[in-house]
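Q: My questions will all concern the structure given below.
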Amino acid sequence: MIVIPLVFAVLFALALFGPISNLGALPAVYEAYGIGDAVPWPLLILAVVLPPVLYVAGLLLGRGRPPFARALILTVALATSFALYFGIVTLVGAIQPPLTL
């Protein structure tokens, strides 16, 4: 059944919107505040890499299972993707240098 992986491919693509936006916009914001050297590149790249990796892992783990189990595995992978993304965003906020206006 190809419908389940396609639906989750769209959902995982939506999960990439935030990390890709941050990857493009955050360096400019840091530069505007004068802390351009403090951009957390490894965390930004990790946030972009995680959703596709978790999608592929969900596909591999769900292979050969009934449709409900496959959808459940992909749902857990999607939830994990969002949870890790929000954790990374929180970590970036915690480790950034103090901003002076």
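Q: On a 0 to 90° scale, report how tilted helix 67-95 is relative to the longest principal axis of the chain, with both axes built from alpha carbons and the result rounded to the nearest 10.
A: It is inclined by approximately 10 degrees.
Q: Taking only Cα atoms, what is the 0 to 90° angle, nearest 10, from helix 17-32's long axis to the longest principal axis of the chain?
A: It is inclined by approximately 10 degrees.
Q: In deg cm²/dmol, rounded to 500, what helix-only [θ] at 222 nm does the chain give when every DSSP H run of at least 4 residues adds -39500 (n - 2.57) and the total is split over its residues?
A: Computed ellipticity for the chain at 222 nm equals -27500 deg cm²/dmol.
Q: If you don't mind, another one. If you fit an axis through the alpha-carbon atoms of helix 41-62 and take the longest principal axis of the Cα set of the chain, what angle between them do you get, 0 to 90°, nearest 10?
A: Its long axis makes an angle of about 0 degrees.
Q: Continuing with this model, one more query. Normalise the Cα radius of gyration of the chain by 2.2 N^0.38 Å (N = residues in it) and let me know the number.
A: Relative to the rule-of-thumb radius for its length, the chain sits at 1.30.
Q: Write out the chymotrypsin sites (Phe, Trp or Tyr not before Pro) in region 1-35 meeting two conditions: DSSP loop, and at most 16 other Cβ atoms within 10 Å of their Cβ.
A: Tyr33
No value in this document is a laboratory result; all are computed from the given coordinates. Source: prediction; values computed, not measured. Methodologically, a virtual Cβ is constructed for each residue, glycine included, from the backbone with ideal geometry; neighbour enumeration extends over all protein chains shown.
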